[in-house]
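The values are calculated or read from the model by the stated rules, or taken from the named source; none is laboratory data. Since the model is a prediction, treat every value here as computed from it, not as a measurement. Here the Cβ is made from the backbone with ideal geometry for all residues, glycine too, and neighbour counts use every protein chain on show.
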Amino acid sequence: MAGIFSSIPTILITVFIFGLLIFIHELGHYIAARRSGVGIIEFAIGMGPKLYSWEGKYNTFSLRALPIGGFVSMVGEYSDEIEVKDKGKTPLAEISVWKRMIIVLAGPLMNILLGFVVMSVLVMSSDYIYTATVAEFNDAATSNQHGLMVDDQIVEINGKGIYVYTDMSYKIVSDGIKPLDITVIRDGKKVFLKDVRVPVTNDGGVNYGEVDFKVWAKEKTVGNVIHQSFFQSVSTIYMTMDSLLDAIGGRYGADAVSGPVGIGGEIGNVIESGSSITETVRNLATILVFISISLGIFNLLPIPVLDGGMLLFCIIEIIRRKPMNKKLERTISGVFMVLLLTATAVIFFKDLVNLF
């Protein structure tokens, strides 16, 4: 992987993807803040020293040295002291708590929206729509020995509704280490299949189920393109949240957690393995969808310093009917910032070691 990630195209594409996701995220905060009347000090892409900056009509725009983040600095966000140049601009604390919640939510929602848009493009540009209807079984299949049949349309697995192929494949992969309860449409009627077993494989010390059959594909129509675009995006949100819960529950080890370096390595693998430019672009777009939606979901976690933490402070303010102590809020955020930066550094060096 070291040779792959050291290539200039991989590095540039990785920086572009993260730069785009950060820009979209911060643009959400920026637009919501401007629409709410909050004064903006700086809109920055990247962290660390400034590489380049310019003065816009309302605020400073800047590019910073480290492409690992970004921020929208608002008047009164980090200090009660307002600089002379920012006098007359509305501080964040002076707008209603509801408007502050909208500003907080705007960043993650923009990432999720980007995922939906890119997923729609992928669906529209695909040759066929893959269904959740069994076409034929693989040679080593076991699910056909436990009730599943050709032309069965799978509509539910372990209580989870199946709307698109990705719903079905993810539930089989994640839950298939144990017998599955599957509901299918067979000859126009619902049939419940209990304890359906699929082959189990081990990857990196983690067990996964295998989809042991192929599915039918169908021609695209306006209706099924809209259906697929929406439900594949929803499926990605579900996969992200479910995987996060599995990680918290200890199913995945520390090796499963990756930062920009680890993701860059995977991007390098995609570039290396693509048989054509079209396939490579589609695979990179798929990675972008997963990263963008994952970033949006992760930022909504109720952890101080993340957007979800800021949202939590707003909810506490609504319950208490008065703002939290600003000094306490900033202290809590500062402590969690140190913890987050420490975790980021650990993941960075872990990914770096894995490259060699």
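Name, by its number, the condition in (1) crowded, with 17+ Cβ neighbours inside 10 Å; (2) under 22 Å from Tyr170 (Cβ atoms); (3) modelled with pLDDT of 85 or more that does not hold for Leu306.
Result: Leu306 passes all but (2).
What residue, among those in region 226-248 that are β-branched (Val, Ile, Thr) and buried (at least 16 other Cβ atoms within 10 Å of the Cβ), is farthest from the chain's Cα centre (by Cα)?
Pass one, region 226-248, residues β-branched (Val, Ile, Thr): 226, 234, 236-237, 240, 248.
Subsequent filtering for residues that are buried (at least 16 other Cβ atoms within 10 Å of the Cβ) retains 234, 236-237, 240.
Details: Val234: 11, Thr236: 8, Ile237: 7, Thr240: 6 Å.
The extreme case among them is Val234.
Evaluate the following for Ile332: is it modelled with pLDDT of 70 or more, loosely packed, with under 14 Cβ neighbours inside 10 Å, touching a helix residue (DSSP H, G or I) at 6+ places or on another chain (Cβ under 9 Å) and closer than 21 Å to Pro302 by Cα?
Numbers: modelled with pLDDT of 70 or more: yes; loosely packed, with under 14 Cβ neighbours inside 10 Å: no; touching a helix residue (DSSP H, G or I) at 6+ places or on another chain (Cβ under 9 Å): yes; closer than 21 Å to Pro302 by Cα: yes.
Answer is no for this residue.
For region 17-28, indicate whether the set of residues that are free of Cβ contacts under 8 Å to residues at least 40 places away in the same chain, of a type outside the set (Val, Ile, Thr) and under 28 Å from Trp98 (Cβ atoms) is non-empty.
Taking region 17-28 and keeping what is free of Cβ contacts under 8 Å to residues at least 40 places away in the same chain, we get none.
No - not one qualifying residue is present in region 17-28.
Just give me the residues in region 126-150 being within 12 Å of Gln228 (Cα to Cα) and not hydrophobic (A, V, I, L, M, F, W, C), in sequence order.
Of everything in region 126-150, those that are within 12 Å of Gln228 (Cα to Cα) and not hydrophobic (A, V, I, L, M, F, W, C) turn out to be Ser126, Tyr128, Tyr130, Thr131.
Within region 96-143, can you find the residues that are aliphatic (A, V, I, L, M) and in contact with a Lys or Arg (Cβ under 6 Å, 6 or more places away or on another chain)?
Step one: filter region 96-143 for residues aliphatic (A, V, I, L, M), giving 97, 101-106, 109-110, 112-114, 117-119, 121-124, 129, 132, 134-135, 140-141.
Hits for region 96-143 are Ile129, Ala135.
List the strands (runs of 3 or more DSSP E) inside region 89-194, counting only whole elements, that have at least 3 residues being over 30 Å from Thr280 (Cβ atoms) and in contact (Cβ under 8 Å) with a residue 24 or more places away in the chain.
Result: 153-157, 180-186.
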